[in-house]
1. When you scan segment 79-106, how many residues do you find that are part of a helix (DSSP H, G or I) and either under 14 Å from Leu124 (Cα atoms) or out of contact with any Pro (no Cβ under 6 Å at 6 or more places or on another chain) (or both)?
2. Within segment 107-145, work out how many residues are part of a loop (DSSP other than H, G, I, E, B), among the hydrophobic types (A, V, I, L, M, F, W, C) and open to solvent by less than 90 Å² (accessible area, probe 1.4 Å).
3. How many of the residues in segment 14-46 are without any contact (Cβ under 8 Å) to a residue 24 or more places away in the chain, under 17 Å from Val72 (Cβ atoms) and under 22 Å from the mean Cα position of the chain (by Cα)?
4. Confirm whether Glu218 is open to solvent by 20 Å² or more (accessible area, probe 1.4 Å), of a type in the set (Asp, Glu) and over 22 Å from the mean Cα position of the chain (by Cα).
5. Hey, Pro140 hits all of (1) touching a helix residue (DSSP H, G or I) at 6+ places or on another chain (Cβ under 9 Å); (2) within 23 Å of Leu6 (Cα to Cα) but one; which does it fall short on?
6. May I ask you to say which residue of Ala117, Ala67, Ala104 is hydrophobic (A, V, I, L, M, F, W, C) and touching a Gly at 6+ places or on another chain (Cβ under 8 Å)?
7. Across segment 1-58, which residue is modelled with the lowest pLDDT among those that are open to solvent by less than 60 Å² (accessible area, probe 1.4 Å), in contact with an Asp or Glu (Cβ under 6 Å, 6 or more places away or on another chain) and not in a helix (DSSP H, G or I)?
8. Pick from Ile217, Ile224, Ile197: which is touching a strand residue (DSSP E or B) at 6+ places or on another chain (Cβ under 7 Å) and either aliphatic (A, V, I, L, M) or part of a strand (DSSP E or B) (or both)?
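The values are calculated or read from the model by the stated rules, or taken from the named source; none is laboratory data. Fair warning: this is a prediction, and the values are worked out from it, not measured in the lab. For neighbour counting, all protein chains shown are included, and Cβ atoms are generated from backbone atoms with ideal geometry for every residue, glycine included. Please note that ligands, DNA and RNA were not included when accessible areas were found on the heavy atoms of the full protein model with its side chains. Shrake-Rupley method; radii C 1.70, N 1.55, O 1.52, S 1.80 Å.
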Amino acid sequence: APMKALVRERMKDWGVRLAQLLGKRVVELTGDVSDMSQVERAEVIVTTPEKWDGVSRGWQARSYVQAVGLVVIDEIHLLGEDRGPVLEVIVSRMRYISAQTNHAVRFLGMSTAIANAKDVADWLGAEEGGVFNFHPSVRPVPMQVHIQGYEGKHYCPRMATMNKPTFAALQDYSHNQPAIVFVSSRRQTRLTALDLIQLAAQTDSPRRFIRLGDDEIEPTLATIKDPNLKHTLSFGIGLHHAGLSEGDRAVVENLFEQCKILVLVSTATLAWGVNLPAHLVVIKGTEFYD
């Protein structure tokens, strides 16, 4: 998996499905967690490309690397980005190990959206009938897409002009349903949330986004460290970005998952690492500073 956040998500899910229900030994192998005695006995290893690259370099002395029979690469479209060479090295090395040990290895690459699926399949060595490219129409939940353009030379004022239409979309398309608003930076999460609170205050229902009882609000807010998050949560709007402590992020994720708060304003890190259901998703702008 490309990020530690995704590794943790897989561990949380497979820790139940594979470990508890099927009795498989599932082990996390990242920079944070690397108990090699556990890894050697594992049946499923969940890791990042960089970690597996480092581990597999010493494959001759590591029997668990030689024993791998299936390599699943999540988000394989990252081949075209900065970390692409690491994925290329992993696939080439695992092929080499397979040839040296006469132990067959199967590769499975998965991606949300990829333009040249056939080229990637050829590179992986997928045979005819081994490529599955699903059209959006086969989605289990139908999806509607609306695109609105906004003029404005400068970035921050242009982002600010999007807040009122965002609030209108929340009212029209996601009434009493959970919604996620993606923005480009941590600062924009705060500014957007404060604007949404202000717009809600001008209506007849200023606390429309919160589903917590009065007896639940105070204990919940008492556990929050970030002052901006504490303020926005009291109106049912959560913030989510890498600058929050892990405890604060976990509280926000749980509240949103249980529909106790109905709006989550987040940076793109959430799209990578957390699987939260939403009735409406707003993407405020398609550019960010890199």
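1. To start, the set of residues in segment 79-106 that are part of a helix (DSSP H, G or I) comprises 79-80, 84-101.
Filter once more, keeping what is either under 14 Å from Leu124 (Cα atoms) or out of contact with any Pro (no Cβ under 6 Å at 6 or more places or on another chain) (or both): 79-80, 84-85, 87-101.
Counting residues in segment 79-106 that are part of a helix (DSSP H, G or I) and either under 14 Å from Leu124 (Cα atoms) or out of contact with any Pro (no Cβ under 6 Å at 6 or more places or on another chain) (or both) gives 19.
2. As a first pass, look at segment 107-145 and keep what is part of a loop (DSSP other than H, G, I, E, B): 111-116, 125-135, 139-145.
Pick out the ones that are also among the hydrophobic types (A, V, I, L, M, F, W, C) and you get 113-115, 126, 131-132, 134, 141, 143, 145.
Within this subset, residues satisfying the condition of being open to solvent by less than 90 Å² (accessible area, probe 1.4 Å) are 113-114, 126, 131.
The number of residues fulfilling the criteria is 4.
3. 6
4. On the way: open to solvent by 20 Å² or more (accessible area, probe 1.4 Å): yes; of a type in the set (Asp, Glu): yes; over 22 Å from the mean Cα position of the chain (by Cα): yes.
So Glu218 passes the test.
5. (1)
6. On the way: Ala117 fails: touching a Gly at 6+ places or on another chain (Cβ under 8 Å); Ala67 fails: touching a Gly at 6+ places or on another chain (Cβ under 8 Å).
One residue alone meets the criteria, Ala104.
7. Applying the filter and picking the extreme gives Pro2.
8. Working: Ile217 fails: touching a strand residue (DSSP E or B) at 6+ places or on another chain (Cβ under 7 Å); Ile224 fails: touching a strand residue (DSSP E or B) at 6+ places or on another chain (Cβ under 7 Å).
Only one candidate qualifies: Ile197.
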